[in-house]
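Everything on this sheet refers to the single structure shown next.
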Amino acid sequence: MSAHFPPGFLWGTATSAHQIEGAVREDGRTPSIWDTFSHTPGKTEGGDHADIATDHYHRRTEDVRLIADLGVNAYRFSVSWSRVQPTGRGPGVQRGLDFYRLLADELLERGVQPMLTLYHWDLPQELEDAGGWTSRETSLRFAEYAGIVAEALGDRVELWTTLNEPWCSAFLGYGSGVHAPGRTEPVAALRAAHHLNLAHGLGTQALRAALPPRAQVSLCLNPSAVRPRTRSPRDLDAARRIDALANRVFSDPVLKGSYPQDLFEDTARLTDWAFVEPGDLAAINQPLDSLGINYYTPAVVSDGSDDEGPRRDGHGASDHSPWPGSEHVAFHQPPGEQTEMGWSIDPTGLHDLLMRYTSEAPGIPLMITENGAAYPDKPGDDGVVEDMDRIRYLHGHLSAVHRAIADGADVRGYFLWSLMDNFEWAYGYGKRFGIVHVDYPTQTRTPKASAHWYGELARTGVLPEVPAV
Ligand code: GBH
């Protein structure tokens, strides 16, 4: 039986501003923390930076045509905060806002629904210099920025997302330091997590005030499908701890208006959480129109208290843990196939998460706002990239999505990461997530086999088979 998806399902691809735009010094844009970080020696693979990236800022119209030609009906992109509000304060810059306005218009003209993310990790450097996400002020600045973008684009963009993966911003940015701003302070990471939650809440209020009622507001999380390595009490406790730090620290305040009690206990020797002020949790606990889930791979954990050597979570090679108060938890590579990132391929993790949020966020539609895989794709002599590994990855995960829908999950859309190869953060350009190949020296875009395969799915709503090789 072939898998049919519901009518009206959103079939999209996703990108983020810093990973594709380039043009970092144009039209009044100032550096973000990722410009600073990638230009600091030793922070990214090969010293790669995103000064040019895929030059999307200059190729907007061509790229919109590419998106529409794939056959998809949605596109998720993010706004560069320092292009729109260079100091992180004060009025918006018209040229910056115009770029996104034109992008939205060109997408809509071609029948592609835009989904706008306000923050995909590129904090204006000026705000970092004033404390970044460790400072409460940044949450207030984010709400102001949200209002500016909503005023400028609210008449044409219906789908809004406040933050992309606040876990990465807080714990990779301020804990393990493998992401910008590269700080390695456990308490700073916890403060950042709270201020990101607060930014989501205040930003959502600012969006609601400025947007027409039909607009939909969401938050994109990267929940961890975390599994204990054994059923021993110690491994179960390790899984509970990671679930608190990866998942519930974000989902509980947003969905329930509280932080998990066990998280306070796990982190008690680090902080008393006095940075959570009266009224914050009510501000964070705003109604959501949908919840975005980004999924790549599950996590298998154990209590590693007796293990030798530093703990690593596999994301980069930092000696600093992104798990404040739970540094003793060990992460294990599950058996079986992996993508080029070394991330194990396991679609059941996605199914599990969709079912989990179906019960934890009842009545809130779900979207898969990112899913995809990196492979070292090389074009053949004919220029074609036969990325069968990626097609198999996608087929497996889309089957899991279909199964979750059959099991009662209200999933409204799927956004494939990524539209095209791009700047993969600390990994630089060596890791290619695109369904469109980018030849960086010439900026030539060539759809891979997966792009044709995905286009067929988007046009028909029926999951195609994996082609035989
Ligand atoms: C997303 O981050 C980003 O939103 C996007 O910008 C990025 O390009 C894309 O994914 C691909 O990386 O570290 O081995 O334990 C995803 C970040 C990936 C962080 C999975 C946690 C767990 C695997 N997450 N990772 S491991």
Practice task
Hey, could you check the range 88-123 for residues that are among the polar types (S, T, N, Q) and more than 16 Å from the ligand (Cβ to nearest atom) and say which is surrounded by the most Cβ atoms within 10 Å (Cβ to Cβ)?
Solution key: GLN113
Problem - ALA330 within 16 Å of the ligand (Cβ to nearest atom) and within 30 Å of GLY304 (Cβ to Cβ) - result: yes
Practice task
Output the number of residues of the range 448-457 satisfying the condition of being more than 15 Å from HIS397 (Cα to Cα), touching a residue at least 60 places away in the same chain (Cβ under 8 Å) and out of contact with any Leu (no Cβ under 7 Å at 6 or more places or on another chain).
Solution key: 3
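Which is over 30 Å from TRP11 (Cβ atoms), in contact with a strand residue (DSSP E or B) (Cβ under 6 Å, 6 or more places away or on another chain) and at pLDDT 95 or above, of VAL276, VAL329? Walk me through it before giving the result.
On the way: VAL276 fails: in contact with a strand residue (DSSP E or B) (Cβ under 6 Å, 6 or more places away or on another chain).
From the options VAL276, VAL329, the qualifying one is VAL329.
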Fill in the blank from the handout: In the range 341-384, anything more than 11 Å from the ligand (Cβ to nearest atom), in a loop (DSSP other than H, G, I, E, B) and surrounded by 15 or more Cβ atoms within 10 Å (Cβ to Cβ) is listed as ILE345, ASP346, PRO347, ALA361, ILE364, PRO365, TYR375, ASP377
Problem - Qualifying position, being more than 27 Å from TYR119 (Cα to Cα), in contact with a helix residue (DSSP H, G or I) (Cβ under 8 Å, 6 or more places away or on another chain) and among the acidic types (Asp, Glu), among ASP381, ASP389, ASP346, ASP377 - result: ASP377
Exercise for the section: Looking for whichever is surrounded by 18 or more Cβ atoms within 10 Å (Cβ to Cβ) and in contact with a strand residue (DSSP E or B) (Cβ under 6 Å, 6 or more places away or on another chain) here; the options are ILE20, ILE67, ILE33. Which one fits? Expected result: ILE67
Practice task
Kindly establish whether SER418 is within 25 Å of GLU165 (Cβ to Cβ) and within 16 Å of the ligand (Cβ to nearest atom).
Solution key: yes
Problem - helices (runs of 4 or more DSSP H) enclosed by the range 249-338 - at least 1 residues per element that are under 25 Å from LEU350 (Cα atoms) - result: 249-256, 261-266
Exercise for the section: Return the only residue of THR61, THR15 being closer than 26 Å to GLY182 by Cβ and not charged (D, E, K, R). Expected result: THR15
Practice task
For ILE435, work out the one condition from (1) buried (at least 22 other Cβ atoms within 10 Å of the Cβ); (2) within 15 Å of ILE20 (Cα to Cα); (3) more than 15 Å from the ligand (Cβ to nearest atom) it doesn't fulfil.
Solution key: (3)
Handout entry: Single residue of the range 211-241 satisfying the filter (in a loop (DSSP other than H, G, I, E, B) and within 16 Å of the ligand (Cβ to nearest atom)) that is surrounded by the most Cβ atoms within 10 Å (Cβ to Cβ)
Key = PRO223
Exercise for the section: Taking GLN85 as meeting all but one of (1) of a type outside the set (Gly, Ala, Ser); (2) under 20 Å from LEU159 (Cα atoms); (3) buried (at least 16 other Cβ atoms within 10 Å of the Cβ), write down the number of the exception. Expected result: (2)
Completion exercise
Checking GLY201, GLY182 in turn, the sole residue that is assigned to a helix (DSSP H, G or I), at pLDDT 95 or above and of a type outside the set (Phe, Trp, Tyr) turns out to be GLY201
Exercise for the section: For the range 385-412, enumerate the residues that are among the acidic types (Asp, Glu) and either surrounded by fewer than 17 Cβ atoms within 10 Å (Cβ to Cβ) or out of contact with any Phe, Trp or Tyr (no Cβ under 7 Å at 6 or more places or on another chain) (or both). Expected result: GLU386, ASP407, ASP410
Problem - Conditions (1) surrounded by fewer than 19 Cβ atoms within 10 Å (Cβ to Cβ); (2) within 16 Å of the ligand (Cβ to nearest atom); (3) of a type in the set (Lys, Arg); number of the one not met by ARG269 - result: (2)
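The values are calculated or read from the model by the stated rules, or taken from the named source; none is laboratory data. Predicted model, so just to flag it, every value in this text is computed and none were measured. When we count neighbours, we look across all protein chains shown, and the Cβ atoms used for this are built from the backbone with ideal geometry, even at glycine.
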